[in-house]
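Asker: Provided herewith is a single structure, encoded as structure tokens, for subsequent inquiry.
Every read-out reported here was derived from the displayed coordinates using simple, explicitly stated rules and does not represent laboratory data. As the structure is a prediction and not an experimental result, all values here were calculated from the model. Using ideal geometry, Cβ is built from the backbone for each residue, glycine included, and neighbour counts are taken over all protein chains shown.
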Amino acid sequence: MKSFVILGLGRFGISLARTIVELGHEVFGADSDEEVIKRHAGELTHIVQADITSEDFLRSIDVAKFDAVIIAVSSNLQVSIMTTLIAKEVGAKYLIAKSQSDFHSRLLYKIGADVVILPEKDMGVKVAHNLVTNKFLNMIEISPEYSIMNIYPPESWYGKTLEEMTPSLRERAHVLALRKSDASADLMPDLETIVEEGDIITLMGENGTLRKLEGMR
């Protein structure tokens with residue numbers, strides 16, 4: 001079981017938190033709005049009202065012990081930047097931040113965010129790819145050169161091991177996870193894992209390499 005901190009429980013933050021809990025993991029959620037806390041009390045593992053830009057608060061919950069910290073606030077640029085900066089300074093080992101623009105994204109990367117999510121842009125990319133291929137599920141850009149992509153494997157991979165995937169692909173993309181049709185998932189799967197129809201493979205790699213997968217059958 002993994003544990004996550006989500007700072008900011010607006011529509012994006014609470015949707016993310018609920019999904020993580022449904023998948024069987026722990027979520028510590030915080031928001032400055034008392035009404036938000038009352039509305040979602042009992043939905044998360046822990047939920048508190050707090051000033052998420054407070055260094056004392058972030059130290060008190062020991063962000064370093066969590067698998068990831070998600071900054072789910074983007075509409076207030078100052079809060080987003082301050083929370084990201086302080087969370088990294090007090091020990092967040094993996095930080096994901098929500099952005100509202102390309103400029104905002106660049107700032108977040110510069111101050112230490114490991115992954116930046118721009119929901120509207122990411123959704124546009126997802127819709128465009130879904131229009132041209134039935135293998136692509138979603139794609140999250142983690143830098144101008146690299147992305148994380150979830151795909152259904154092409155038919156040419158069925159019955160083969162991850163080791164047997166095209167060598168040129170394995171050199172430029174890493175398999176982060178493999179989810180079976182029965183919903184069981186294997187993080188950092190063994191290369192001897194057999195790929196089957198209905199699997200979902202999570203890859204991280206160069207954007208150009210990942211996009212080549214769209215044409216594979």
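Asker: Suppose R0 equals 22 Å; then what is the FRET efficiency for Asp186 and Ala64 from their Cβ-Cβ distance, rounded to the nearest 0.05?
Answerer: Values: r = 26 Å, r/R0 = 1.19.
Efficiency at R0 = 22 Å is approximately 0.25.
Asker: Ranking Ser184, Ser80, Ser15 by Cβ neighbours within 10 Å, fewest first, what do you get?
Answerer: Values: Ser184 8, Ser80 26, Ser15 12.
With the sparsest Cβ surroundings first, the list reads Ser184, Ser15, Ser80.
Asker: Continuing with the same structure: At a Förster distance of 30 Å, what's the computed FRET efficiency of Ile194 paired with Arg11, Cβ-Cβ distance as r, to 0.05? Present the calculation step by step, with values, prior to reporting the outcome.
Answerer: Details: r = 39 Å, r/R0 = 1.30.
Computed FRET efficiency for Ile194 and Arg11 comes out at 0.15.
Asker: Would you calculate the separation in nanometres between label points at Lys160 and Ser101, each defined as 7 Å from the Cα along the Cα-to-beta-carbon direction?
Answerer: 4.5 nm
Asker: Ok, one more. Find out how many positive minus negative residues lie around Lys180, taking Lys and Arg as positive, Asp and Glu as negative, among other residues whose Cβ is under 11 Å from that of Lys180. Before the final figure, lay out each step's value.
Answerer: Working: positive: Arg179; negative: Asp182, Asp186, Glu196, Glu197, Asp199.
Counting the neighbours of Lys180, the net charge comes to -4.
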